[in-house]
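One structure is given below, encoded as structure tokens.
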Amino acid sequence: MTALTLIRHATILLELAGQTFLVDPMLDDARSHDAVEGTSNPTRWPLVGLPTGAAEVVASATAVLITHTHVDHLDDTAIAFLRDRSVPVFCQPFDVAELTERGLPDVRPVDEVTHWRGVAIRRTGGQHGTGAQADLMGPVSGWLLTHGGQQVYVAGDTVWCDEVAAVLDVNQPQVVVVNAGEARMVTGDPITMGADDVFATCRYPGRRQVIAVHLEALNHCGLTRAELACDAAAAGLEVTIPRDGERVSLFQG
């Protein structure tokens with residue numbers, strides 16, 4: 001079975017081709033971090049704990065995908081567990097030095113595409129915000145995984161942009177995982193997808209299952225699951241919005 005399990009925030013376990021890909025592991029305890037600098041909500045994060053143990057999450061992975069190295073996508077707890085696992089960690093070329101210095105034993109940069117155990121792993125682009133804000137956030141990537149006729153696109157920390165549209169247009173993935181939550185700094189536009197961005201993904205020509213994650217775990221992500229579900233229903237659009245710990249079957253029709 002091909003399936004996705006949301007752990008928390010952007011951390012997912014993706015089962016494809018008999019492998020389990022761990023994406024962007026944020027495994028620190030709840031309230032471990034001060035509020036994200038430059039945001040208006042002073043609450044410490046993660047706002048919620050893990051639905052299962054961090055060791056169990058890492059142990060289940062046969063490979064790891066890192067979209068970028070912001071702490072809410074790769075934290076110290078994840079690094080500590082991954083140092084003891086001889087699993088490949090696929091990443092942006094710009095992040096190799098940092099990941100190696102942090103002690104990960106098998107770091108594999110992906111420029112465009114690589115192949116591993118029957119899965120084509122393609123790195124995609126994105127925009128972590130708009131204009132100068134996106135420049136400050138640094139380079140981010142997404143991942144397009146292909147096995148046979150199945151394609152899963154994990155867009156990463158990006159707003160709706162030409163790079164996302166290009167993947168949908170050229171590759172036509174059947175499953176798209178988007179980081180919603182509408183994360184915001186004090187000034188500027190959102191730096192992850194809000195409802196309108198999610199709906200643009202749904203409405204783009206073609207047929208796909210859209211799964212929204214990156215919700216209700218960080219202090220500066222204001223869009224809730226309930227709000228997104230309500231807005232999607234009002235717009236007549238179908239968006240899968242899993243709870244933490246929920247496993248979603250993919251390619252079921």
Just to be sure I understand: with springs between alpha-carbon atoms less than 10 Å apart, which residue in P205, P173, P190 has the highest mean-square fluctuation in the Gaussian network model of the chain?
P205
Which one, P93, P109, P242, has the greatest fluctuation when you compute a Gaussian network model over the chain with C-alpha springs under 10 angstrom?
P93
Under the helix-only model (-39500 (n - 2.57) for each DSSP H run of 4 or more, divided by the residues of the chain), the mean residue ellipticity at 222 nm, to 500 deg cm²/dmol, is -6000 deg cm²/dmol
Between A30 and V170, what's the calculated FRET efficiency when r is the beta-carbon distance and R0 is 45 Å? Round to 0.05.
0.70
Give me the Kirkwood hydrodynamic radius of the chain, using the inverse of the mean 1/r over all pairs of distinct Cα atoms, in Å to one decimal.
18.0
How much of the DSSP bridge set in the chain is antiparallel, in percent, rounded to the nearest 5?
65
Put a dot 7 Å past each Cα toward the Cβ at H147 and T62; how far apart are the dots in nm?
0.6
For segment 97-133 and segment 146-205, what is the separation of their C-alpha centers, rounded to whole Å?
17
Give me the number: length gained by fully extending L136 to Q19, i.e. 0.36 nm times residue separation minus the C-alpha to C-alpha distance, one decimal in nm.
38.7 nm
For segment 97-253, size of Cβ-based charge dipole, Lys and Arg +1, Asp and Glu -1, in debye:
580
With label points built 7 Å along Cα→Cβ from the Cα atoms of R83 and Q252, find their separation and express it in nm.
4.0
Assuming R0 = 25 Å, what is the FRET efficiency of D111 and R208, from their Cβ-Cβ distance, to the nearest 0.05?
0.45
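We did not get these values from a lab; they are worked out from the coordinates using the rules stated. Keep in mind that this is a model prediction, so the values were computed, not measured. With ideal geometry, Cβ positions are generated from the backbone for all residues, glycine too; neighbour counts draw on all protein chains shown.
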